[in-house]
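What follows is a set of notes on a single structure, which appears directly below.
The values are calculated or read from the model by the stated rules, or taken from the named source; none is laboratory data. Model, not experiment: these values are computed from the prediction. Don't worry about glycine lacking a Cβ; one is built from the backbone with ideal geometry, like all the others, and counts go over all protein chains shown. Remember, those area values only see protein heavy atoms, side chains included, never the ligands or the DNA or RNA. Shrake-Rupley method; radii C 1.70, N 1.55, O 1.52, S 1.80 Å.
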Amino acid sequence: MPFVVAVLLASVCFGTTGAAQALGPDADPLSIGAARILIGGGALALVASVTAIVRRRRRRADAAAQASTTAPSSRHPLAVALVVAIGAAGVLAYQPAFFAGTAANGVAVGTVVALGSAPVLTGALDWALRRRFPGRRWLLATAIATVGVTVLAAASDPSHAAANPLGLLASVTAGASYAVYTLAAKWLLDQGFTPTGSMGALFGTAAFVSLPVLLMTDAAWLATGPGLAMALWLGLVATTLAYVLFGVGLSGLAPAVVSTLTLAEPLTAGILGVVVLGETLAPGSVLGLAILALGIVVLAAGGCRRRAVASSTWTSSSSPASGSTPHRGTTSSPSSRSRGTEPTR
């Protein structure tokens, strides 16, 4: 259950993105996304580095701890570098793909396809790569939550009835990008990385690449007080803290389960829209939020961790101290104008 709570808390952090943007200055979404990854990814890399130094010192001081925390000998540097590169590419690809999808088909369709496809694609890829089906409860919960996202988006933005095929492809690409970096992080965890270390490697690499992207955009908004405050919140809370929690949850749950639990993000964004931004939700939006919450409750109440552990094979390196796991199988709520322009993951 602690792993489920960690993912849900991460989703709450993700869900603050729309409110932060609405309260901040107007800026190019690409510039905001690049600044967010640069700040959040850089901070994640720093946290991972400090954590690694502390762990090394503890291993030197305690021979018993060294035996339980040494990374598996099967970790190959070239394989790790390749997976980190693939995962970082997924992090970088998510935001422009999401933007393209919402620009082509509107917030409603773009959000539904991106958020709805992410858990399905994550589960399918995990099943194909690890030969582990996430389970019937996951399938049911994902279906319920996806219906909730669909109802919520349709009620919030009913003006876009037609769907552009290229826009749909872009939204599915966003969902696939999320699946790629989630599975990359899970692989790193299975190789002995800590949750912070795996996220720091992926987002730190993405932060390095995002710097030239930020420099190519109009970043004048960063020189203002509100703009800097927005960037720091998006970077340190909605990215660094969120993905530390996300990594902790991923260390104890199957990727497909984590992906579905993060659908608590639009639920959080919808609540913040009412409480913080003073929005009024249509009856359809309330219904969508209720269905979405039901799907999350169905999954969270099913003993996700227990089911995942029971279906996995533990290795000698899978102790809590090692950060290894059993070998098993940037969007906002569409109810807000600004939240539809910036994916949160």
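Details
- Here G252 fulfils each of the conditions (1) within 25 Å of A34 (Cα to Cα); (2) more than 14 Å from the chain's Cα centre (by Cα); (3) open to solvent by less than 30 Å² (accessible area, probe 1.4 Å); (4) not hydrophobic (A, V, I, L, M, F, W, C) apart from (1).
- For the range 180-197, taking the residues that are closer than 20 Å to T262 by Cα and β-branched (V, I, T), the one that is nearest to the chain's Cα centre (by Cα) is identified as T182.
- Failed item in (1) open to solvent by less than 10 Å² (accessible area, probe 1.4 Å); (2) under 22 Å from I296 (Cβ atoms); (3) at pLDDT below 85; (4) not basic (K, R), with N105 passing the rest: (2)
- Candidates R328, R337 - the one that is charged (D, E, K, R), modelled with pLDDT under 85 and open to solvent by 30 Å² or more (accessible area, probe 1.4 Å): R337
- Matching option when the condition is under 29 Å from A293 (Cβ atoms), under 15 Å from the mean Cα position of the chain (by Cα) and modelled with pLDDT of 85 or more, among S177, S171: S177
- One residue stands out in the range 207-222 among those that are in a helix (DSSP H, G or I) and over 23 Å from L44 (Cα atoms): the one that is least open to solvent (accessible area, probe 1.4 Å), namely W221.
- Extreme residue, surrounded by the most Cβ atoms within 10 Å (Cβ to Cβ), among residues of the range 151-165 that are at pLDDT 60 or above and among the aliphatic types (A, V, I, L, M): L152
- Of all residues in the range 44-84, those satisfying the criterion of being at pLDDT 85 or above and surrounded by 13 or more Cβ atoms within 10 Å (Cβ to Cβ) are L44, A45, L46, V47, A48, S49, T51, A52, V80, V83, V84.
- Evaluating G225 against the criteria (1) open to solvent by 20 Å² or more (accessible area, probe 1.4 Å); (2) on the phi > 0 side of the Ramachandran plot leaves one unmet condition, (2).
- Residues (open to solvent by 40 Å² or more (accessible area, probe 1.4 Å) and out of contact with any Pro (no Cβ under 8 Å at 6 or more places or on another chain)) located in the range 1-32: M1, P2, F3, V5, L8, L9, V12, D26, D28, P29
- Residue list for the range 129-150, filter: in a helix (DSSP H, G or I) and open to solvent by 10 Å² or more (accessible area, probe 1.4 Å): L129, R130, R136, R137, W138, L139, L140, A143, I144, T146, V147, T150
- The range 114-128 residues that are crowded, with 23+ Cβ neighbours inside 10 Å, paired with ones that are modelled with pLDDT under 85 and basic (K, R) (beta carbon under 7 Å, 6 or more apart): D126/R132
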